[in-house]
Amino acid sequence: MENKPKQQKKSLLSWIFTFAGEKKPMYWASIFFAVLCVACALAPYIIIADIVRKLLDGVRDWNVYLLEAGITAAFWVGNAFFHMISTTLSHVATFNLLANIRKKLCDKLARVPLGSVLDMPSGTLKNILIERIDSMETTLAHILPEWTSNLLLPVVMFIYLFHLDARMGFASLITLPIGLIASCFMMRNMTERFQNAIDKTKILNDTAVEYINGIEVIKAFGKSKSSYEKFVVAAKEGSDCYVEWMRDCIWPFTIAFVIAPSTLLSVLPIGGYFFLNGTLSAVDFITIIILSMSVIQPLLVVYSYHDDIAKAGVIFGEVGGILYMPELERPEKDIKTPKDNSIVLKDVRFSYKKDSKKSHTDSILLTQNQEKNTSKGNCVAIPNPCGNEILHGINLSLHSCSYTALVGPSGSGKSTIARLIASLWDVDSGSIEIGGVNIKNLSLEEYNRRVAYVSQDNFLFDLSVRENIRLGKPEATDREVEEIAKKSGCYDFIMSLENGFDTIVGGSGTHLSGGERQRIAIARAMMKNAPIVILDEATAYTDPENEAIIQEGVAHLVKGKTLIVIAHRLSTIQDADKIVVIKDGLVDSQGTHEELLAKDGLYKDMWEAHISSKDSGEAA
């Protein structure tokens, strides 16, 4: 499997048919009915010209005219009918295409390293997945049928005019070059202008999301004014780029779309001259006048799609940029089968990718407190802001069905080890093995079944408590969900909620406290029943009383599983089979609680500090 596929430049049609999937025939059918629509639109002009010809020839039979009028009406009805079918088919195909794009993007994001996703501001991702993709609906739904029909109609008309009189056929196109010249001025620097508009919109979205997410910190440190000013500047720059773009285009646009379709400016004087000279009959002259008015306007409609096509091309480029992101190195199917659930890290080295974008909220914190440990650092949700190597050759062996605790100072790399074992990132060098098999030889789907990971910042979907827990095992019954909640120590607090298990938790679980969200996340992980369980500060927001209940429930549920726990409260991991002390990206020491206390090392210092703070807290 190639880790970093090369993005290829594709045309708009290539992108459309790449994502159209099983609805691709609908686009072809849409084009077919669009052609019929064009035929029905062209026929009335020819019939009207024939009526004029017969009137000038002195035909007085009303039945002839009534028949031709009826046929004309039938063609107009056919035009509307085929247009309706064509656009209906193209819209159905387009909505499916947009859904396919979003599905493929979500599937892709699940296969790329977590750091690559976190490096992208949430406002940018949301803008691409929702607004930007949705903005292509009109273009994609109309481009194939309407572009085809509006291009075909003037071509057929011009051929017919040329057949009547070649001189007048060319005369009907005289205003077209004027419109094209004006359009060239309008299209100057269009790509750069549109890219600038996209960049400014991204900045506006990212600033808005950052401002909303950091509103609590901003208010706490009295930076509402300066933070709001940043948003105001982004909003103004976002609007100014569009205003300036439209201001520069208004005159060329007006000239192009007023003069170009005015074919009578050239057809009337030139045709009148030929008529007076006797080289153009009155019947042909009138017919040419009628038909010439339908030559240029459809071409302008086709041309008007140029801007939309360019925008859609840029958006597809952004979509392609995500689809061609490097993926985790994993096969589609397992190459080997692990013999057990033991975990071995061999000379593991890892560094987080540096993100050049600095959090505005964090900069406020640094300015106010000059603290070392901010909520996110200078990298978006990445522990190390500098991008230096975090792990410097970790060698670690965890037996199957064992209980291992990782401890150490903040920033030592223990959470990074947990994330690497959970396959959220790939190691820079070295290897991680499960049951004697390198995890790069296991498929993501199989690996996800083997590992349950619970972090201190857990995400809940805007669903009921029951459905959030059921995500761990989608086929679980209501009874199973309630049973796992009891065993995880969550049942009582869930039943105290307004609607019990049917309580909607809100977006990201905002209707619940941090501790309640964590407890539901633990129950969800336990419902998964994976043989390897990783708890990364999973009870950080839980009070001591409930923490004891959770630990008792988790201890019962993880029997026979390989358990890895990361904790700052050392009293919670005293009974671990092995405690691994991590310091500065290296294994400082390892052993049982008693063995580590017997040594004069970092763990003993941490334990004494923990006991001292605990005693001080109880005294207070």
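Observations
- Dipole magnitude of segment 1-123, debye to nearest 20 (Cβ charges: Lys/Arg +1, Asp/Glu -1, about Cα centre): 780 debye
- Each of F17, L144, S281 was placed along the dipole of the chain (beta-carbon charges, centred on the mean Cα), and the one lying farthest toward the positive end is S281.
- Ratio of the Cα radius of gyration of segment 56-116 to 2.2 N^0.38 Å, where N counts its residues: 2.47
- Rounded to the nearest 10 Å², the accessible area of H511 at probe 1.4 Å: 130 Å²
- Environment charge of K440, counting only residues whose C-beta is closer than 12 Å and scoring Lys/Arg +1, Asp/Glu -1: -3
- Using the 1.4 Å probe convention, the accessible area of segment 5-82 works out to 60 Å² per residue with neighbouring protein chains retained.
- Amide H within-cut-off set for K583, under 5 Å, with H built and near neighbours excluded: D588
- Rolled with a 1.4 Å probe across the full set of protein chains, the surface gives F170 an accessible area near 120 Å².
- Ranked from largest to smallest solvent-accessible area, with a 1.4 Å probe on the protein heavy atoms, T72, T18 come out as T18, T72.
- Positive-pole candidate from L109, G70, A80, dipole of segment 64-180, charges at beta carbon: L109
- Distance violations [Cα-Cα > 32 Å] among K103/K487; K23/K528; K202/K333; K104/K202; K200/K333; K103/K486: K103/K487; K23/K528; K202/K333; K200/K333; K103/K486
- Dipole magnitude of segment 84-136, debye to nearest 20 (Cβ charges: Lys/Arg +1, Asp/Glu -1, about Cα centre): 140 debye
- Mean Cβ count within 10 Å, highest first, over the residues of peptides 36-42, 109-115: 36-42, 109-115
- Cα-centred dipole magnitude for the chain, charges only on beta-carbon of K, R (+1) and D, E (-1), debye, nearest 20: 1200 debye
- The local environment of K108, defined by Cβ-Cβ distances under 12 Å, has a net charge of +2 under the rule Lys, Arg +1 and Asp, Glu -1.
- Net lengthening on full extension, R167/D50 (0.36 nm per residue, minus Cα-Cα): 40.1 nm
- Across the options S571, A555, L164, the greatest Cα extent toward the positive end of the charge dipole of the chain (unit charges at beta carbon of Lys, Arg, Asp, Glu) belongs to L164.
- Spin-label pair Y324/K24, simplified geometry with 7 Å Cα→Cβ offset, distance in nm: 2.1 nm
- The distance between label points at K236 and D199 comes to 2.0 nm (points 7 Å beyond Cα on the Cα→Cβ vector).
- Around T138: net Lys/Arg minus Asp/Glu count, Cβ-Cβ under 11 Å: -3
The values are calculated or read from the model by the stated rules, or taken from the named source; none is laboratory data. This one's a predicted model, so the numbers in the text were calculated from it and none came from an experiment. Ideal geometry is used to build each Cβ from the backbone, glycine not excepted, and the neighbour counts take in all protein chains shown. Side chains are part of the model used for accessible areas, which takes the heavy atoms of the whole protein and leaves out ligands, DNA and RNA. Shrake-Rupley method; radii C 1.70, N 1.55, O 1.52, S 1.80 Å.
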